[in-house]
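The values are calculated or read from the model by the stated rules, or taken from the named source; none is laboratory data. Remember, it's a predicted structure, so these values are computed and weren't measured experimentally. When we count neighbours, we look across all protein chains shown, and the Cβ atoms used for this are built from the backbone with ideal geometry, even at glycine.
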Amino acid sequence: MENGSIASTLVFFFLAAVMVVSSILAVTTKKILRAATYLLFVLFATAGLYFYLNYSFLGAVQMTVYAGGIIVLYVFSIFLTSTDEEKNQPIRSHRRWLGFIAAAAGTLLCVYLFQASPWGEVYYRAPEELPMKAIGNALMSADKFGYILPFEALSILLLACIIGGILIARKRQ
Amino acid sequence: MANIPMTYYLVLSTILFFAGIYGFITRRNLLAMLISVELILNATDINFAVFNRFLFPEHMEGLFFALFSIAISAAETAIAIAIIINIYRNLKHIEAQKLNELNDLK
């Protein structure tokens, strides 16, 4: 019990360290392909966090859709749009300071609010895995806690996105 | 898992969120700005899952919000990248500061 809790604490802090370091590197690195790679690390660590919270389905979706699909899209579009001149354009320093001050002030404000909130004593109390059958039933039911309407709306949104993407990105002659 | 309070997860997602804000303010490349937006959306997904799991473990609303949010951000990314590729085809760059050159195109 004691060893298990220490190991799980270490897993959480490992995932947290990967996410923090990779997200900061993703927004500060010069080369955009590296930024996409660091974003991939963040998304994989997020999937690990979902697995850690016993949300296996959400973790699997995160890995396949985000880390598998979106990153490939990013990498291809980076290859399609990369130019040589964008590397040697430094970020203007007043804008960098503005961003840094906004981010630091927001982080400090949020941490202060969390520290004043009652959530510091809330601990994880549902060790069992959410059953896949319950997720599937809720996703496909039209009852009170059913999600068939957003599910279908999302399918129409994805169809519209496919058509819109083809229309926007095609070559005009 | 059982000995880490919920605040730690929230601080983690806050750091991710504000890293995305920083990138969105400082970056000039449209794709880099889009990567920052992905960081922000990812932080909100973590918040949905964590609030659901810690405060209401017998419900599934946060799980489904995170699920739909992932799908919607995939759709948003696809459209945004299509627009960016189209901009690159017309302007030969994707600098956010110089996008008003699109005005001059006929």
- Out of A:Tyr38, A:Tyr50, A:Tyr55, sole residue that is closer than 20 Å to A:Val11 by Cα and touching a residue at least 60 places away in the same chain (Cβ under 8 Å): A:Tyr55
- Item | Members of segment A:46-63 found to be part of a helix (DSSP H, G or I) and over 12 Å from the mean Cα position of the chain (by Cα), listed by number | A:Phe51, A:Tyr52, A:Ser56, A:Phe57, A:Ala60
- Task: Restrict the check to segment B:10-18 and report whether at least one residue is aromatic (Phe, Trp, Tyr), touching a helix residue (DSSP H, G or I) at 6+ places or on another chain (Cβ under 7 Å) and more than 25 Å from A:Ile156 (Cα to Cα).
- Result: yes
- For the subset of segment A:120-166 comprising residues that are within 22 Å of B:Ala49 (Cβ to Cβ) and of a type in the set (Val, Ile, Thr), which member is nearest to the other protein chains (Cβ to nearest Cβ)? A:Val122
- Message: Just to verify a result, which residue in segment A:39-64, among those that are surrounded by 20 or more Cβ atoms within 10 Å (Cβ to Cβ) and of a type in the set (S, T, N, Q), is farthest from A:Leu130 (Cα to Cα)?
- Response: A:Thr46
- Task: Tell me, yes or no, whether segment A:109-119 has at least one residue that is assigned to a loop (DSSP other than H, G, I, E, B), touching a helix residue (DSSP H, G or I) at 6+ places or on another chain (Cβ under 9 Å) and either at pLDDT 90 or above or not small (Gly, Ala, Ser) (or both).
- Result: no
- If you go through segment A:130-149 one residue at a time, do you hit one that is under 30 Å from B:Ile21 (Cα atoms), of a type in the set (S, T, N, Q) and in a helix (DSSP H, G or I)? no
- Item | Set A:Ala67, A:Ala26, A:Ala36: member being modelled with pLDDT under 90 and crowded, with 17+ Cβ neighbours inside 10 Å | A:Ala67
- Item | Entirely in segment B:1-98, the helices (runs of 4 or more DSSP H) that have 3 or more residues that are among the β-branched types (Val, Ile, Thr), closer than 19 Å to A:Gly48 by Cα and at the interface with another protein chain (Cβ under 8 Å from one of its Cβ atoms) | B:6-26
- Hey, A:Ala126 modelled with pLDDT of 85 or more and either assigned to a helix (DSSP H, G or I) or not charged (D, E, K, R) (or both) or not: no
- Query: For segment A:131-167, which residues satisfy the criterion of being closer than 18 Å to B:Met60 by Cα and of a type in the set (Gly, Ala, Ser)?
  - Reply: A:Ala134, A:Gly136, A:Ala138, A:Ser141, A:Ala142, A:Gly146
